[in-house]
Amino acid sequence: MPSFDEVLKEAGEFGRFQKRVFFLLSQTGITFSSLFASVVFLGRAPDSFWCRIPGAAELSERCGWTLEEERNFTVLSLHGGNGSVSGACEWPDVTWDTSASCASPLARYGNHSSLPLAPCRGGWVYQQPHASIVSEYDLVCGNAWMLDLSQAILNLGFLVGAFILGYAADRYGRIPIYLLSCLGVGISGIIVAFSPNFTVFLIFRFLQGMFGKGTWMTCYVIVTEIVGSDQRIVGIVIQIFFTLGILILPGIAYLIPTWQGIQLAISLPNFLFLLYYWVVPESPRWLLTRKKGEKALKIMRNIAKHNGKFLSPHYSEITISNEEVSNPSFLDLVRTPQMRRNTLILMYAWFTSALIYQGLVMRLGIIGGNLYLDFFISGAVELPAAFLIIVTIDRLGRRLPFATSNLLASVACLITAFLPEDIPWLKTTLATLGRLSITIAFEVVYLVNSELYPTTLRNFGVSLCSSLCDLGGIIAPFLLFRLAAIWLELPLIIFSILAAVCGLLVLLLPETKGISLPETVADVEQLHSHFGKCGKKRKQRDTNSYI
């Protein structure tokens with residue numbers, strides 16, 4: 001009986017069928033990255049807002065003022081709001097007399113600058129109401145921290161989704177969980193757009209993050225499992241679609257003036273992915289681990305047909321792994337020596353990549369001025385990363401680019417920290433180099449992670465390890481700003497140390513260039529013995545570990 005890789009080779013390792021599935025599933029990267037970065041536009045600061053002092057609304061209605069006239073008469077002359085030491089905005093502590101003169105309502109207060117200040121008591125007024133969640137839910141002044149909370153809640157959703165849906169995809173199948181996640185993202189996204197209050201907004205933003213992580217990680221694993229070992233570079237190419245989402249998002253935000261419209265624009269396309277039920281099959285590798293060889297062979301015949309090939313008549317059955325399949329757990333990822341080493345190193349690599357990536361994005365800022373242009377340029381910086389990986393990873397293998405990119409990021413951060421302030425262009429250039437390098441590391445870890453776990457644990461392993469990415473994303477802003485308060489360049493020193501350690505640790509991982517995806521834990525344990533220190537090609541797999 002042939003192994004799965006033998007059947008796949010005859011059916012076509014990257015034919016028309018795989019290209020179609022790859023293109024369809026890659027669209028998930030666009031919607032996921034839009035969700036990931038949407039807070040930049042959903043929570044953008046209002047152009048103008050002020051505190052409506054008690055009684056001002058009634059006076060404005062009696063006098064027939066416009067909002068601008070109300071502001072001019074009742075706020076600006078009282079010197080508006082100012083940021084207090086406690087972080088809460090303070091405004092003149094007065095109550096308007098509704099019988100005051102419409103032409104000169106401030107006359108009774110004499111010297112305005114001597115009026116006492118107090119937190120806003122009359123509510124907030126926005127020149128562009130409901131343009132963002134900031135104006136929708138009054139996330140200003142003392143409540144400004146709630147905007148950061150909304151992003152933390154999204155990352156928490158990613159974290160929970162990695163565990164729950166990663167586990168479910170390995171137990172119940174890739175496609176059912178992918179479709180369920182797409183439906184969940186769409187429904188929760190609509191509810192987020194029409195949330196009656198901030199509590200409902202947070203609850204369904206958490207759910208959208210949870211299901212969003214399910215769509216992204218599951219589509220990535222499916223694409224990796226249906227191609228041959230020499231074509232797994234598609235795991236890097238799919239990252240380009242993530243970057244495309246980053247580049248498209250500012251255009252959507254520019255054309256749609258309200259946050260509800262932006263939210264719907266990035267959520268509704270997920271319903272279209274439900275159509276994949278009829279065009280994207282279940283992963284045959286996963287079916288084999290669940291002892292469903294007939295279904296797997298049927299899918300392989302369909303793949304061969306679409307690729308213009310035919311399976312040999314003797315391919316009546318595909319050898320199924322003898323490894324007992326149980327519900328995956330964290331213990332499965334650390335029970336054996338090689339699996340334990342891989343898991344711990346990959347978890348650290350995910351955490352470090354996310355922490356440094358988001359830290360450099362927040363610190364760099366690229367250029368000031370136009371938010372849409374700044375964001376677009378920020379995304380464009382990432383494009384060369386995927387192309388650099390594509391042209392090097394099949395020549396040099398995985399470990400060398402993985403380690404080198406981390407070490408380059410480390411050096412770039414360290415030099416940037418000690419450069420004098422009078423050469424800002426050089427500091428910006430090196431910071432950009434650091435971001436490009438850590439982006440490469442970020443994209444390689446996706447590929448390596450999927451290649452170092454057996455099919456029985458692949459989706460769960462990728463999801464669990466990548467959950468450390470979400471933890472890094474939550475910690476990054478707090479670490480950045482707390483350390484910067486001590487010394488502005490201290491975060492760069494920490495980033496440099498973290499990246500250097502990661503660069504050295506990944507050298508301990510086995511090289512996976514040109515090998516078949518491991519199907520059992522035993523295959524993973526044998527990876528080191530099948531490759532020398534220079535990553536030479538693996539010997540023929542033991543016949544007892546066929547798939």
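Would you call E511 of a type in the set (D, E, K, R) and closer than 19 Å to M347 by Cβ?
Taking the combined requirement at face value, the residue does not satisfy it.
For segment 1-51, enumerate the residues that are of a type in the set (G, A, S), under 30 Å from P257 (Cα atoms) and outside any helix (DSSP H, G or I).
S38, G43, A45, S48
Could you count how many residues in segment 151-188 are among the β-branched types (V, I, T) and open to solvent by 30 Å² or more (accessible area, probe 1.4 Å)?
4
In segment 243-290, which helices (runs of 4 or more DSSP H) lie fully inside it and hold 3 or more residues that are within 27 Å of Q358 (Cβ to Cβ)?
259-267
Could you tell me which of the residues R341, R363, R335 is open to solvent by 60 Å² or more (accessible area, probe 1.4 Å) and at pLDDT 85 or above?
Exactly one of R341, R363, R335 is open to solvent by 60 Å² or more (accessible area, probe 1.4 Å) and at pLDDT 85 or above, namely R341.
Pick out the one residue from A385, A431 that is at pLDDT 80 or above, buried (at least 18 other Cβ atoms within 10 Å of the Cβ) and assigned to a helix (DSSP H, G or I).
Step by step, each of A385, A431 is checked, and only A385 is at pLDDT 80 or above, buried (at least 18 other Cβ atoms within 10 Å of the Cβ) and assigned to a helix (DSSP H, G or I).
Quickly run through segment 507-521 and pick out the residues that are part of a helix (DSSP H, G or I) and either in contact with a Lys or Arg (Cβ under 6 Å, 6 or more places away or on another chain) or surrounded by fewer than 18 Cβ atoms within 10 Å (Cβ to Cβ) (or both).
L507, L508
Identify the single condition in (1) at pLDDT below 80; (2) in contact with a Gly (Cβ under 9 Å, 6 or more places away or on another chain) that E6 does not satisfy, given that it satisfies every other one.
It fails just one condition, (2).
Out of (1) at pLDDT 90 or above; (2) farther than 26 Å from A168 by Cβ; (3) among the β-branched types (V, I, T); (4) open to solvent by less than 30 Å² (accessible area, probe 1.4 Å), what's the single condition that is false for V192?
Every condition holds for V192 apart from (2).
Can we say D47 is open to solvent by 10 Å² or more (accessible area, probe 1.4 Å), within 30 Å of N143 (Cα to Cα) and not basic (K, R)?
When the stated conditions are applied, D47 passes them.
Could you please find all residues in segment 405-414 being in contact (Cβ under 8 Å) with a residue 60 or more places away in the chain and open to solvent by 60 Å² or more (accessible area, probe 1.4 Å)?
Within segment 405-414, L407, V411, L414 qualify.
For segment 125-137, how many residues meet the condition of being open to solvent by 50 Å² or more (accessible area, probe 1.4 Å) and modelled with pLDDT of 80 or more?
Number of matching residues: 1.
What's the total number of residues in segment 454-477 that are part of a helix (DSSP H, G or I) and within 19 Å of Y178 (Cα to Cα)?
Of the residues in segment 454-477, 10 are part of a helix (DSSP H, G or I) and within 19 Å of Y178 (Cα to Cα).
Looking at the structure I just gave you, is L249 over 18 Å from F376 (Cβ atoms) and of a type outside the set (K, R)?
no
Please enumerate the residues belonging to segment 240-267 that are under 30 Å from S516 (Cβ atoms) and either open to solvent by 10 Å² or more (accessible area, probe 1.4 Å) or touching a Phe, Trp or Tyr at 6+ places or on another chain (Cβ under 7 Å) (or both).
Hits for segment 240-267 are I240, F241, F242.
Is one or more of the residues making up segment 437-452 part of a helix (DSSP H, G or I) and open to solvent by 60 Å² or more (accessible area, probe 1.4 Å)?
Checked against the condition, which is being part of a helix (DSSP H, G or I) and open to solvent by 60 Å² or more (accessible area, probe 1.4 Å), segment 437-452 yields no hits at all.
Take D97 and tell me if it is modelled with pLDDT under 80 and within 29 Å of T28 (Cα to Cα).
So D97 does not fit the description; no.
For segment 464-517, how many residues meet the condition of being at pLDDT 85 or above and on the phi > 0 side of the Ramachandran plot?
The total comes to 0.
The values are calculated or read from the model by the stated rules, or taken from the named source; none is laboratory data. Nothing here was measured: the structure is a model prediction, and the numbers come from that model. Quick reminder, even Gly has a Cβ in these numbers, built from the backbone with ideal geometry, and neighbours come from all protein chains shown. Side chains are part of the model used for accessible areas, which takes the heavy atoms of the whole protein and leaves out ligands, DNA and RNA. Shrake-Rupley method; radii C 1.70, N 1.55, O 1.52, S 1.80 Å.
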